[in-house]
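The values are calculated or read from the model by the stated rules, or taken from the named source; none is laboratory data. In this text the structure is predicted, and so the values were computed from the model without any measurement. Every residue, glycine as well, gets a Cβ built from its backbone with ideal geometry; the counts of neighbours run over all protein chains shown. To get the accessible areas, we keep the full protein, side chains included, count just its heavy atoms, and leave off ligands, DNA and RNA. Shrake-Rupley method; radii C 1.70, N 1.55, O 1.52, S 1.80 Å.
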Amino acid sequence: GEDLQIAAKLLRGGKVCAEAAPVCACTGELTFDVAYPDLWSPEQPTLYDLEVTLSNGETVVDSYGCEVGFKDLVVKGSKFLLNGKDLFITGICRHDLWTDDVAFTQTDDMIETDLKMMKSMGVNYVRLVHYPHDRRVVAAADRIGLLCSEEPGLWWSDLSNKEITTRALKVLENVIYRDRNHVSIAFWLSFNECIFNEDFLRASVATARRCDPSRLISGANCNDIYETKRLYDKYDVDFYTMHPYDSTPKRMIKS
């Protein structure tokens, strides 16, 4: 109802760092400034507690809490910069499953163990292939300190098929809305190893920018490197990708 109010506060170690005054729950927008936040990185995965409450002015009728963080990841020239410093990404791919008897129904401990083992290998990034993973995976990546990316489930799919691409773009939109507030998300990947389709490239970039203007967008591909550069530049994809699948760099250089 119009008499309900929503408020929020940000805490670190139980201490309030920032607070938004209550506003109308129906029409209001909560904003607050955080002075000199401690930034999140794989080396120092600093998290804050965000608490949001819904009240009738006197009594809290509902509340929600989650962990959030602050980071800045951009592309500058041929480099990734994380919080203003050069970032060399060393990563690994992860499927959201366990052994046959467990399959896709992992426990919290399994997820935590899996990601911690990956980080112990020295990686700072995990690519969550090729479909949205359980939301607990991204939350664990926040805590453990692993950059990650997510995808809509396309794998050697026919990107000229409108039924496939319409559904894939909706999945991409949904996973971005679900996970865009997780600090561990580095970027979104709109497809995996599909033959290029210009309409889909245009639409996937537009979808990602509309749903999450702050994040980078690309696609995981193994197409011709020159065609990759031409089309990625044409449709303003944020960075190039290439799966060379060879023991030599010959696919990455001009013969």
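Below is a table of values for the structure above.
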read-out	value
Contacts under 7 angstrom Cβ, first residue in segment 65-94 being basic (Lys, Arg), partner in a loop (DSSP other than H, G, I, E, B), 6 or more apart	Lys71/Leu39; Lys71/Trp40; Lys71/Ser41; Lys71/Asn83; Lys71/Val183; Arg94/Val129
Unique match (being out of contact with any Phe, Trp or Tyr (no Cβ under 7 Å at 6 or more places or on another chain) and either acidic (Asp, Glu) or free of Cβ contacts under 8 Å to residues at least 60 places away in the same chain (or both)) among Glu58, Glu19	Glu58
Qualifying residue in segment 141-159 (condition: of a type in the set (Phe, Trp, Tyr), within 26 Å of Thr105 (Cβ to Cβ), open to solvent by 10 Å² or more (accessible area, probe 1.4 Å) and not in a helix (DSSP H, G or I))	yes
Segment 193-222, residues that are part of a helix (DSSP H, G or I) and at pLDDT below 95	none
Enumeration of residues in segment 188-208 that are surrounded by fewer than 21 Cβ atoms within 10 Å (Cβ to Cβ) and touching a strand residue (DSSP E or B) at 6+ places or on another chain (Cβ under 6 Å)	Val205
Verdict on Asp38 being open to solvent by less than 80 Å² (accessible area, probe 1.4 Å), assigned to a loop (DSSP other than H, G, I, E, B), free of Cβ contacts under 8 Å to residues at least 60 places away in the same chain and among the acidic types (Asp, Glu)	yes
Count - residues of segment 89-105 that are at pLDDT 90 or above and either farther than 15 Å from Arg136 by Cα or not in a strand (DSSP E or B) (or both)	7
Asn181 being surrounded by fewer than 20 Cβ atoms within 10 Å (Cβ to Cβ) and either among the β-branched types (Val, Ile, Thr) or not in a helix (DSSP H, G or I) (or both)	yes
Residue count, segment 107-140 (criterion: out of contact with any Gly (no Cβ under 8 Å at 6 or more places or on another chain), open to solvent by 10 Å² or more (accessible area, probe 1.4 Å) and in a loop (DSSP other than H, G, I, E, B))	4
Some residue of segment 49-57 being open to solvent by 60 Å² or more (accessible area, probe 1.4 Å) and closer than 29 Å to Ser149 by Cα	yes
Test: residue in segment 163-172 that is in a loop (DSSP other than H, G, I, E, B) and either free of Cβ contacts under 8 Å to residues at least 40 places away in the same chain or under 27 Å from Leu115 (Cα atoms) (or both)	no
Residue, farthest from Ala20 (Cα to Cα), within segment 41-86, restricted to residues that are of a type in the set (D, E, K, R) and in a loop (DSSP other than H, G, I, E, B)	Glu43
Positions within segment 7-30 being under 26 Å from the mean Cα position of the chain (by Cα), under 16 Å from Thr53 (Cβ atoms) and part of a loop (DSSP other than H, G, I, E, B), in sequence order	Glu29, Leu30
Cross-chain or 6+ apart pairs with Cβ under 7 Å, segment 237-254 first and at positive phi, then at pLDDT below 95	Tyr245/Cys222
